[in-house]
Amino acid sequence: MNISEALNKRGLRFSWTEFSGSLGDLGLFIPLVVAMTISTDLDIGVVLIFAGVMNILTGWLFRQPIPVQPMKALAAVVIAESMLKEELVAAGILMGAILIVVAMFINHIDRLIPKSVVRGIQLGVGFKLAAIGAQWISELGLTGWNSMLSTVLIVCVLLLLLTVRQPALLYIFLFGFLLLYFEKPEVYALTSFSFPEIAFHWPSVWAWKWGFVKGVLPQLPLTVLNSVIAVCALSADYFPGKGISPRKMAFSVGLMNLVCVPFGGIPMCHGSGGLAAQHRFGARTGGSVIMLGVLKVVVGLVFGSALFTLLQSYPVAVLGPLLILAGVELASSVKVIFNDHRAMTIAFFTAAVILGAGTFVGFLTGLGIHYAFLIYDVIERTKSGNKET
């Protein structure tokens, strides 16, 4: 048996379509990674190397296009509240340790959380991603290389390529670098190269407290719900009979952070939004994210800080549409419960509260409505029983 046959037997494919699909999550990955490295002075080369290695391992073990993403709530705290590097490292290590423990009970947690609430989380987070992409685009000028006009043209080309089953995202992503050259040629001229330096980081005593308060508390509910339970539900939708168990997913996220964060990686997770985006653009096997992982490792090793300069200026006219499409794809997962009016009610209320008050509050709201319906059913059955008596 040759290598190709062995990979096919394992359910891994390596093609342009798979590779293009693997780029589907870059609309979220790139801006968050760049913003976090700016805020905390992390080495983007090291960040990419660890993210790439995790892509390779998860692609090989899960055999599905499971993404590796920055933890979004933590990223928001880092960007908006100037979280310090030591606090970020502490938060990442704590998240890893907590998730290893959570993994032991996650199947019980999964059974207690109704699927209508999970769909509501996917709907709400999907709308949020699309809204962020739309906001980025709204801040562009009307004309120019990186403008609203360019965005419209890119969307039209992207939709056209998708209809003819071409690796659309690969073409559009590479075109972004050409667009950057026309818009800001000086960025390429000023780019310098340096190799990444992997170093061990251990937080000070004070950093553990603030890492937990500022980082773990807002991130943990989102990770358990969206990066474990919701992504497993989406995996089962996309790959019937081959869905990944929440326990394996939680262990994966936990180990990923315990291994990578102390050596310069950012806190990472697997997200349902990333899986939806990669699947939307053609990724169907773990081979897609293995190829993406190899690319990240090579780019991190060879380009390092040079890539940071390029991605920092990467056109929003390209990133915005990618983020919107990723959000729409994630939100569309709610269609599996369209015929269940009660489930749809719970999902829409959950999503609405997520948009207004955050994922955790939305989750509690959806859970409360679900159990209120159950209590109502019990009362109605009791009344019916009394009447019959």
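All of the numbers you see were taken from the coordinates with simple rules; none came from a lab. A quick note: this is a predicted structure, and the numbers were derived from the prediction, not measured. Virtual Cβ from ideal backbone geometry, glycine too; neighbours counted across all protein chains shown.
Ordering of 49-55, 307-313 by packing is 49-55, 307-313, highest average first (other Cβ atoms within 10 Å, averaged per residue).
Protection proxy ranking for 332-343, 98-109, using the average of other Cβ atoms within 10 Å per residue and placing the highest first: 98-109, 332-343. Between the beta carbons of Y371 and Y171, assuming R0 = 41 Å, the FRET efficiency works out to 0.30 to the nearest 0.05. The dipole here belongs to the chain: it is taken about the Cα centre, uses +1 on the Cβ of Lys and Arg and -1 on the Cβ of Asp and Glu, and is about 1100 debye. Derived value for segment 276-389: Kirkwood hydrodynamic radius 18.6 Å. Basis is the mean of 1/r over every pair of different alpha-carbon atoms. Charge tally around V336: other residues with Cβ under 12 Å, Lys/Arg +1 each, Asp/Glu -1 each, net +1.
Normalised by the number of residues in the chain, the mean separation of alpha-carbon contacts (under 8 Å, six or more apart) gives a relative contact order of 39 percent. Legend: calculated FRET efficiency, T345 to D41, from the Cβ-Cβ distance at R0 = 41 Å, rounded to 0.05, equals 0.30.
For T359, the shell of other residues with beta-carbons less than 14 Å away shows a net charge of +3, using +1 for Lys and Arg and -1 for Asp and Glu. Relative to the first principal axis of the alpha-carbon coordinates of the chain, what is the inclination of helix 286-302, with its axis defined by its Cα atoms, in degrees from 0 to 90 and to the nearest 10? Compared with the principal axis, the helix lies near 40 degrees.
Per the Debye calculation on segment 116-166 with a single equal scatterer at every Cα and no solvent contribution, log₁₀ I(q)/I(0) for q = 0.15, 0.21, 0.27 Å⁻¹ amounts to -0.60, -0.83, -0.92. Cross-link partners for K248 among the lysines, with Cα-Cα distance under 30 Å and sequence neighbours closer than 8 places in the same chain left out: K9, K72, K85, K115, K128, K209, K214, K296, K335.
Using a simple spin-label model with pseudo-atoms 7 Å out from Cα toward Cβ, S384 and M104 lie 4.2 nm apart. Against the chain, whose longest principal axis comes from its Cα atoms, helix 246-260 is set at around 30 degrees. Both radii come from the Cα set of segment 178-290: Rg as radius of gyration, Rh as Kirkwood radius; their ratio Rg/Rh reads 1.08. When the convex hull of its Cα atoms is viewed from all sides, segment 29-184 shows a mean projected area of 12.4 nm².
Taking the square roots of five times each eigenvalue of the Cα gyration tensor of the chain, the equivalent ellipsoid has semi-axes of 35, 25, 22 Å, listed largest first. Rounded to the nearest 10 degrees, the angle from helix 26-40 to the longest Cα principal axis of the chain is 70 degrees. With a Förster radius of 41 Å applied to the C-beta separation of F193 and S15, the computed FRET efficiency comes to 0.85. The residues neighbouring V316, those whose beta-carbon lies less than 14 Å from its own, together hold a net charge of -1 under the Lys/Arg +1, Asp/Glu -1 convention.
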